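What follows is a single structure, written as structure tokens, with notes after it.
Each value in this text was obtained by applying a stated rule to the coordinates, not by laboratory testing. The structure displayed is predicted, hence computed values, not measured ones. As a convention, Cβ positions derive from the backbone with ideal geometry for all residues, glycine included, and neighbour counts pool all protein chains shown.
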Amino acid sequence: MVYKVLFVTSEVTPFSKTGGLADVSGALPAALATAGCDVRIVTPFYGFIDLDQFDFPSATLLTARTIDLHGRAQPYRFRRVVLNRRHEVFFVECDPLYDRPGVYV
């Protein structure tokens, strides 16, 4: 039986890091994937993240949607990056929330 793990975090190494949370958020899902789990990470796509600097296949942009934020419809979408067969990252791209120079601004 393959365990399916959804790991939701505000920061994850190597994409966004301010402290130990990013280290755990990068290492634990990788270890679970190595152990045979099917792992998905969900994390914000901050404005400072440049996926071109990493040696991954290009990120797949998924369907755009809207969410109501304080009475205003805001667009968002997911970017999918496959790290390996059982380990993927889904970035939540929503500029009003995450297009900023740091994780906790």
task: Considering only DSSP beta bridges where both residues belong to the chain, give the percentage that are antiparallel (nearest 5).
output: 60
task: Show that you can apply the helix-only estimate: for the chain, add -39,500 (n - 2.57) for every DSSP H stretch of four or more residues, divide by all residues, and state [θ] at 222 nm to the nearest 500.
output: -5000 deg cm²/dmol
Pairwise centroid distance, computed over Cα atoms, of the stretch 71-105 with the stretch 4-49, Å: 13
query: Nearest 20 debye, what's the magnitude of the dipole of the chain about its Cα centre given +1 on Lys and Arg Cβ and -1 on Asp and Glu Cβ?
result: 340
- prompt: Angle between the Cα long axis of helix 20-34 and the longest principal axis of the chain, 0 to 90 degrees, nearest 10?
  reply: 50
- prompt: Can you work out the FRET efficiency for the pair L28 and A64, with r the C-beta to C-beta distance and R0 = 30 Å, to the nearest 0.05?
  reply: 0.50
statement: If the chain between D95 and V2 were fully extended at 0.36 nm per residue, the gain over the current Cα-Cα distance would be 30.0 nm
Estimated inter-spin distance, F54 and A73, nm [label 7 Å along Cα→Cβ]: 3.1
